[in-house]
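One structure is given here, and the rest of the page talks about it.
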Amino acid sequence: MHPASFGYEAPASLEEVFGLLRQHGEDAKLLAGGHSLLPAMKLRLTQPEVLIDLGRIPGLSGIRQDGDTLIIGALTTHTEVSASETVRNLLPGLADTASVIGDLQVRNRGTMGGSVAHADPGADLPVTLTALNASFMLTSAEGGRTVAADDFFVDFFTTALEPHEILTAIHIPLPAAPTRTSYAKLPHPASGYVVVSAAAALTLDGSGACTGARVVLGGVGGTPHRATGTETALNGQALTPEVIAAAAERAADGIDPHADSYADEEYKRHMAAVYARRAIEAAAARA
Amino acid sequence: MEHPARPVNVTVNGTSHATEVEPRLLLVHFLRENLGLTGTHVGCDTSQCGACTVHLNGAAVKSCTVLAVQADGAEITTIEGLADGATLHPVQAAFQEEHGLQCGFCTPGMVMTAAYLLETRPDADDEAIKHALEGNLCRCTGYVNIVKAIRTAAQQPR
Ligand SMILES: Cc1cc2nc3c(=O)[nH]c(=O)nc-3n(C[C@H](O)[C@H](O)[C@H](O)COP(=O)(O)OP(=O)(O)OC[C@H]3O[C@@H](n4cnc5c(N)ncnc54)[C@H](O)[C@@H]3O)c2cc1C
Ligand code: FES
Ligand code: FES
């Protein structure tokens, strides 16, 4: 199946992108890995007039640590994230998340920025990046701004990104105290996207008590969902099996999951508790 | 509306090609129709089957989900470029040896994914092989002999 006809631009700098966005306005779409956009264009679900390919702009991909921040370029592929020694060492939960996206070929093309900007409610990275308290660098001709993950995801396929803005990098804070990260996913058996998933980031003090917990669910609404009841139940506690089980039971508090042909609401509520428990257990078990 | 053609300079299986194409032309159609390399197959419209897998700058990708213009400047290997003259690539030989195919429709994609896997992870065990094949669908074999063939290829001295 062929996409409808469109014009193609391959700018070499962000300045050129800004100019093209000004020129074409809402007729243009940015192209990163193309693994959400091109399938949608082949099915004629979207028909942009112009594609602006970000793939030839230097400096938009790569992973580096800058003090207590991990900086990941928007064009970094899922394969690069999952294979990165830096990510594996500092944030194994993020490497695990990238390694279960779609399939090997999809991971070789799809990018972190594309996944975040697309904001598919069945996507993996938005869930983990929210648990990691990531923030997103949005750049435009007027300058830049930083938006925290908690504020960035607005609704199904809707984010804080304005049409004239480009997501250039993802910043992840690296807390001084040891933080354990994990991701647990129930994939749809046909599509591989999230049915329900959970990401956990647990900060522990010297005695093993949890001093900070972020537990986030995917697949249960239009955006990643902070399981605040679960987080509260973990805070200040030693992570015994009883504490974890009781905290996970509260994961479904306040969620209103969308049912589909594979999973109804009740099943998703149940899976929310199951996957929250698995994610917390996996994080707690990290050395 | 007419959109201007764009340049595509690529090296496919060691031969360079310089041409211009419509921006909407998918890499798989460029390979099959413009270059006549019909070993790369199209098995779906939804980026799921992997029959179209080729190596783009060394990475296994679904060529139905890449624009030909995005490949400008790239090195591409297709199933036609895998063998060394009359000597089959170890993965191809192992598919023959272990009966890793029935109708053969999925096979070019399976072989290209497997060759990439063994390039990047020569020590791949069964679990890694199965994880790597998640993006390749086969309607005939039930996968058992495909995994066996890749395991056999992985054990070849190289
Ligand atoms: C078969 C298949 C299975 C998949 N399974 C999964 C899965 O299990 N889990 C999962 O999470 N994802 C899955 N995906 C989606 C995949 O992860 C995509 O790669 C990702 O969602 C989009 O990234 P991309 O780089 O391909 O973006 P593109 O498709 O290029 O772009 C997506 C959207 O984001 C915009 N955009 C891209 N980059 C930027 C930027 N830097 N700034 C502003 N806007 C931008 C584009 O304009 C477009 O609207 C799957 C895809 C396929 C084809
Ligand atoms: S034809 Fe490319 S994935 Fe099916
Ligand atoms: S051998 Fe027939 S589809 Fe795989």
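Please work out, to two decimal places, the log10 of the ratio I(q)/I(0) at q = 0.08, 0.10, 0.14, 0.20 Å⁻¹ from a Debye calculation in which every Cα of chain B carries one identical scatterer. Those come out to -0.23, -0.35, -0.67, -1.24, one per q. Shielding by partners for peptide B:44-50, expressed as the average number of C-beta atoms from other protein chains within 10 Å of each residue's C-beta, is 5. First check a/c for the stretch A:179-285, with a ≥ b ≥ c the square roots of the eigenvalues of its C-alpha gyration tensor; if it is under 1.5, answer rounded, and if not, answer prolate when a/b is larger than b/c or oblate otherwise. Prolate shape, in that a/c is at least 1.5 and a/b is the bigger ratio. Using only the alpha carbons of the stretch A:63-173, what is the convex hull's orientation-averaged projected area in square nanometres? Spelled out: convex hull of the Cα atoms, projected over all directions, averaged, 6.5 nm².
When the square roots of the Cα gyration tensor eigenvalues are ordered a ≥ b ≥ c, the ratio a/c for the stretch B:37-109 is 1.5 or more and a/b does not exceed b/c, which makes its shape oblate.
Here chain A carries DSSP beta bridges of which approximately 85% are antiparallel, counting only pairs with both residues inside. Taking every residue in B:131-141 and counting other chain Cβ atoms within 10 Å of its Cβ, the average works out to 3. Its Cα centre serving as origin, chain B has a Cβ charge dipole (Lys and Arg +1, Asp and Glu -1) of approximately 200 debye.
For a straight C-alpha distance cut-off of 25 angstrom, the lysines reachable from B:Lys130 (same-chain residues fewer than eight places away being disregarded) are A:Lys185, B:Lys62, B:Lys148. Summarising the label geometry, the points placed 7 Å from Cα in the beta-carbon direction at A:Glu162 and A:Arg44 lie 3.5 nm from one another.
Exposure proxy for B:Thr65, A:Thr69: other Cβ atoms within 10 Å of each Cβ, ordered fewest to most, give A:Thr69, B:Thr65. Scanning residues 5 or more positions from A:Leu70 or on other chains, those with amide H under 5 Å from its amide H are A:Ile172, A:Leu174, with H placed 1.01 Å from N in the peptide plane.
Working note: Karplus 6.51/-1.76/1.60 with θ = phi - 60° gives the stretch A:47-58 the couplings 9, x, 6, 9, 9, 10, 7, 7, x, 10, 8, x Hz, where Gly and Pro are set to x. Helix B:144-155 axis versus longest C-alpha principal axis of chain B: approximately 90°, rounded to the nearest ten. Taking 4.7 Å between beta carbons as the limit, the unpaired Cys residues of the protein assembly as shown are A:Cys210, B:Cys103, B:Cys140. Panel order for A:Val87, B:Val144, A:Val243, by other beta carbons found within 10 Å of each beta carbon, from fewest to most: B:Val144, A:Val243, A:Val87.
The mean number of Cβ atoms from other chains found within 10 Å of a Cβ in peptide B:59-69 is 6, as a whole number. For A:Val196, the residues whose modelled amide H falls within less than 5 Å of its own, excluding neighbours fewer than 5 places apart on the same chain, are A:Leu186. Entry note: the protein assembly as shown has Rg to Rh equal to 0.98, where both radii use alpha-carbon atoms and Rh is the Kirkwood radius. Dividing the convex hull volume of the alpha-carbon atoms in the stretch B:1-58 by its residue count gives 101 Å³ per residue. Among A:Thr159, B:Thr11, the ranking by other beta carbons within 10 Å of each residue's beta carbon, starting with the fewest, stands as B:Thr11, A:Thr159. Output the 0 to 90 degree angle, nearest 10, between the alpha-carbon long axis of helix B:107-120 and the longest principal axis computed from the alpha carbons of chain B. The helix B:107-120 is inclined about 80 degrees to chain B.
Bear in mind that the values in this text are calculations on the coordinates, not laboratory data. In this text the structure is predicted, and so the values were computed from the model without any measurement. Heads up, the Cβs are rebuilt from the backbone with ideal geometry, glycines too, and the neighbour counts pull from every protein chain shown.
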